[in-house]
Amino acid sequence: MDALIEMSGLSKHYRMGAVQVTALHDVELQVQRGGFVALCGPSGSGKSTLLNVCGLIDAHDRGRFLFEGREVKGQTPAQLTRWRRDAIGFVFQGFNLIPVMTAFENVEYPLLLNDTPAAQRRARVREMLERVGLAGQAGHRPDELSGGQRQRVAIARALIKAPLLVVADEPTANLDSATAAQVIDLMHALAQESGTTFLIATHDERMTRRCERVVHLVDGMLQPQAAQPPALSGVRAGGGR
Amino acid sequence: MKWLPLAWRNVRRNRRRSLITILLACTGTAALLLASGFALSTYEALREMSARQIGHVVVAHREYFHNDEDAPLSHGLGDSQTVMSDLLADPRVATVVPRLNYSGLISNGDSSAIFLGTGVDPEGEFRINGALTPVEQGRALSTHPAAQGDPEVMLARELARKLKAGVGDTLTLLTTTVDGALNGIDVQVVGIYGTGTPELDERALLTDVATAQRLLRTDKVSTLAVYLYDRDGAPAFAAERARAWPDRALRTWEDLASFYAKVRALYDRIFGVLGIIIVVMVFFAVTNTMSMSVTERTREIGTLAALGTSPGRIVANFATESGIIGLLGALAGMALAGGVTLLLHLFPVMMPPPPGRTEGYPLLFYFSPAVYGTVAVIIIAAAVLAALLAARRGVGKPIVEALSHV
């Protein structure tokens, strides 16, 4: 399998007033296509920043970042928008569903952006909602759904366009443990079925246990792994290229 | 799902705020329509009044409009009958009315006053201008005056009061003839009328043309007022005749209606500024609403952008919402203005006399589909523009920042 994400010497800084904060420092990371990878670390370690950079919604300052083998730096905002539209799905901690849209329409939205024909759109959305167990709630607005149902809608929305990568930022943080377990199972099963690469920032041990590889970040730096189990062969971290 | 239903749902998302903005747009639209309707109604009334009083086209001696006369009727039309016959042969001409302007002294034996007289053809003049010279006492000049007895005169209201003259009284008109001699004639008051203008009410009188010509010892008239079947054809008619008659001067009513031109210039400025203020108010109201909406939905904007929605599409969504608000406001405003216009037609309200006039006038609002359409487009455009500006700021925010907005 070839690498979907290749980062080399990647750094990212923020300016907070007069102080420059290093969010990511000299990150060396490869994520193979089809990987199910967890990003762990304490608050402020740079998990979300790394996730945002991987999701092409934030830019790095230094280093090299190849997505699908193409250099990200130098892409115009319009090119990045198209790239996200075609290749990346997002699952947010707060679900981030569009409140005026039904569950069906929220899932349908990425296909609308891709100009998928209406009949094909409807069939795929119905199929996806069926898959996440929400066929009966298709016409419900987000405020008529439980937290777990909302996150399942968000997962369906992320996967509906069969993206290369799904970035999920603390997808179980706002859910009770039973619902979180269901969501973890669902994400894992869908990842297995679709072959989509998942990159998940999480504190949830149940989630990390299901991941092929857990990447640890501390103060913006990837921590070298003492040992790499066979299941994590899709990921190399800490400059081990 | 399409973009328009989505925009409609977002409009309904904060109903109270949307309703207030729609009401503002409605009020702005109605105010613009009523103001422009009032201006258009005034213009039309003044156009009609001016064209009737002046004539659609006025034919005169070539010097008449340029130089003052050294002696009475030195710039008069000597061949008025020939010109009238020629004009009346034109199928575009409805009628031609001669007028002879003169001045002098009018006396009741005890006191006298300066007058500004007009010799008219009573039949044609009162048929056209009867409504504009309302007879308050007595009657209008006879169309076929008796051969015996004094010639008839109609006095303006204030002139009659000053001379203590009533219907049936005999007065004397004194003036200078075209040869420079003094001449006088006794006239009998048959009617008292109002001109609508205080200054003219103190000086004006009407006699028939023959009486005026007899007094001035001439067969000339000052002007011929030509009335066309189509008032709007006056410029073309005047231009055509001017080419055929290089020794005569022709003017359209619009050339001579200085009062109309001044009122129009004044109203254009007043209502123009008023219109701009109203549009700016609507613009800021919608900007405020959309800015609040954009701020509240910053996280949503971030989500849409992360999902791959282009900034242009996000801005277009907000513009569509604003366009819906503008459209609803414009439709409601049009209905309101239309209702007020209709009500005033059914239940007229009189306005006080404007400056320089003695008569009030009915408050009317002109209904013009073109104006309604234009105002609606302006209001909707202002709303859309406001949304574009507000939403541009929203989509300009970095996605990560937008997603973390609280």
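Some notes on this structure:
- The residue list B:A25, B:A89, B:A94 contains one member that is modelled with pLDDT of 90 or more and buried (at least 20 other Cβ atoms within 10 Å of the Cβ), which is B:A25.
- Residue list for region A:23-62, filter: of a type in the set (K, R) and either more than 16 Å from A:L222 (Cα to Cα) or part of a strand (DSSP E or B) (or both): A:R33, A:R62
- The single residue among B:E44, B:E63 that is open to solvent by 50 Å² or more (accessible area, probe 1.4 Å), of a type in the set (D, E) and over 20 Å from B:R99 (Cβ atoms) turns out to be B:E44.
- Residue within region B:373-381 that is open to solvent by 50 Å² or more (accessible area, probe 1.4 Å), small (G, A, S) and either part of a helix (DSSP H, G or I) or modelled with pLDDT of 90 or more (or both) present: yes
- Subset of region B:9-51 [within 14 Å of another protein chain (Cβ to nearest Cβ) and in contact with a helix residue (DSSP H, G or I) (Cβ under 6 Å, 6 or more places away or on another chain)]: B:N10, B:V11, B:S18
- Evaluation of A:G63 against (1) surrounded by 14 or more Cβ atoms within 10 Å (Cβ to Cβ); (2) within 14 Å of another protein chain (Cβ to nearest Cβ) (one fails), failing number: (2)
- Total residues in region A:146-188 satisfying the condition of being more than 30 Å from A:R70 (Cα to Cα) and in contact with a Phe, Trp or Tyr (Cβ under 9 Å, 6 or more places away or on another chain): the figure is 5.
- Just one residue in the set A:A178, A:A173, A:A226 is over 22 Å from A:A87 (Cα atoms), open to solvent by 10 Å² or more (accessible area, probe 1.4 Å), modelled with pLDDT under 85 and outside any loop (DSSP other than H, G, I, E, B); that residue is A:A178.
- Residue in region B:344-356 that is among the β-branched types (V, I, T) and buried (at least 16 other Cβ atoms within 10 Å of the Cβ) present: no
- Test set (1) open to solvent by 50 Å² or more (accessible area, probe 1.4 Å); (2) of a type in the set (K, R); (3) under 29 Å from B:L141 (Cβ atoms) - B:R248 fails condition number: (1)
- Within the set B:L34, B:L77, the sole residue that is in contact with a His (Cβ under 7 Å, 6 or more places away or on another chain) and either open to solvent by less than 40 Å² (accessible area, probe 1.4 Å) or closer than 30 Å to B:Y372 by Cβ (or both) turns out to be B:L77.
- Taking region B:264-299 as the range and being within 14 Å of chain A (Cβ to nearest Cβ) and either open to solvent by 20 Å² or more (accessible area, probe 1.4 Å) or not in a helix (DSSP H, G or I) (or both) as the test, the residues that pass are B:E296, B:R297, B:R299.
- In region A:191-205, the residues that are on the phi > 0 side of the Ramachandran plot and surrounded by fewer than 24 Cβ atoms within 10 Å (Cβ to Cβ) reach residues that are assigned to a loop (DSSP other than H, G, I, E, B) and among the charged types (D, E, K, R) with C-beta atoms within less than 8 angstrom, at least six apart or across chains, in these pairs: A:G195/A:R33.
- For region A:67-165, the helices (runs of 4 or more DSSP H) that sit wholly inside it and include 3 or more residues that are within 14 Å of chain B (Cβ to nearest Cβ), of a type outside the set (G, A, S) and surrounded by 21 or more Cβ atoms within 10 Å (Cβ to Cβ) are A:103-113, A:147-159.
- Unique residue being more than 22 Å from B:L40 (Cβ to Cβ), in contact with a helix residue (DSSP H, G or I) (Cβ under 9 Å, 6 or more places away or on another chain) and without any contact (Cβ under 8 Å) to a residue 40 or more places away in the chain when the list is B:V187, B:V226: B:V187
- Take the conditions (1) farther than 25 Å from B:A94 by Cβ; (2) open to solvent by less than 50 Å² (accessible area, probe 1.4 Å); (3) under 19 Å from the mean Cα position of the chain (by Cα); B:A234 misses just one of them, which is (1).
- A search for C-beta distances below 8 Å between a residue of region B:1-15 that is more than 14 Å from B:M290 (Cα to Cα) and any residue that is hydrophobic (A, V, I, L, M, F, W, C) and outside any helix (DSSP H, G or I), counting only pairs 6+ apart in sequence or on different chains, returns B:M1/A:M101; B:L6/A:V100; B:L6/A:M101; B:R9/A:V100; B:R9/A:M101.
- Failed condition for B:A160, given (1) out of contact with any Lys or Arg (no Cβ under 9 Å at 6 or more places or on another chain); (2) in a helix (DSSP H, G or I); (3) over 28 Å from B:E199 (Cβ atoms): (3)
- Counting only helices (runs of 4 or more DSSP H) wholly contained in region B:173-260, the ones carrying 2 or more residues that are within 23 Å of B:I128 (Cβ to Cβ) and among the polar types (S, T, N, Q) occupy B:209-216.
- Residue match in region B:355-362 (condition: in contact (Cβ under 8 Å) with a residue 60 or more places away in the chain, in contact with a strand residue (DSSP E or B) (Cβ under 6 Å, 6 or more places away or on another chain) and not in a loop (DSSP other than H, G, I, E, B)): yes
Matching residues to (1) under 25 Å from B:T287 (Cα atoms); (2) away from chain A (no Cβ under 14 Å); (3) of a type in the set (S, T, N, Q):
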{"residue": "B:R357", "(1), (2), (3)": "no, yes, no"}
{"residue": "B:Y361", "(1), (2), (3)": "no, yes, no"}
{"residue": "B:S368", "(1), (2), (3)": "no, yes, yes"}
{"residue": "B:V371", "(1), (2), (3)": "yes, yes, no"}
{"residue": "B:I380", "(1), (2), (3)": "yes, yes, no"}
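- Assessment of region B:45-53 against the conditions (among the charged types (D, E, K, R), in a helix (DSSP H, G or I) and farther than 30 Å from B:W245 by Cα) yields no matching residue.
- Residue match in region B:397-405 (condition: more than 14 Å from chain A (Cβ to nearest Cβ), open to solvent by 60 Å² or more (accessible area, probe 1.4 Å) and outside any helix (DSSP H, G or I)): no
- Close pairs from region B:374-400: first within 19 Å of B:G308 (Cβ to Cβ), partner among the small types (G, A, S), Cβ under 6 Å, at least 6 apart: B:I399/B:G302; B:I399/B:A305; B:I399/B:A306
- Each residue in region A:12-43 was checked for being in contact (Cβ under 8 Å) with a residue 60 or more places away in the chain and either among the hydrophobic types (A, V, I, L, M, F, W, C) or surrounded by fewer than 24 Cβ atoms within 10 Å (Cβ to Cβ) (or both), and 21 of them qualify.
- Cβ-Cβ under 7 Å pairs, at least 6 apart or on other chains, region B:77-98 side under 17 Å from B:V120 (Cβ atoms), far side acidic (D, E) and surrounded by 14 or more Cβ atoms within 10 Å (Cβ to Cβ): B:V97/B:D121; B:V97/B:E125; B:P98/B:D121
- Restricting attention to region B:300-328, the residues that are touching a Ser or Thr at 6+ places or on another chain (Cβ under 6 Å) and either part of a helix (DSSP H, G or I) or more than 10 Å from chain A (Cβ to nearest Cβ) (or both) total 1.
The values are calculated or read from the model by the stated rules, or taken from the named source; none is laboratory data. Computed from a predicted model, the values in this text were never measured in an experiment. Note: ideal-geometry Cβ built from the backbone for every residue, glycine included; neighbour counts use all protein chains shown. Side chains included, ligands, DNA and RNA excluded: accessible areas come from the protein's heavy atoms. Shrake-Rupley method; radii C 1.70, N 1.55, O 1.52, S 1.80 Å.
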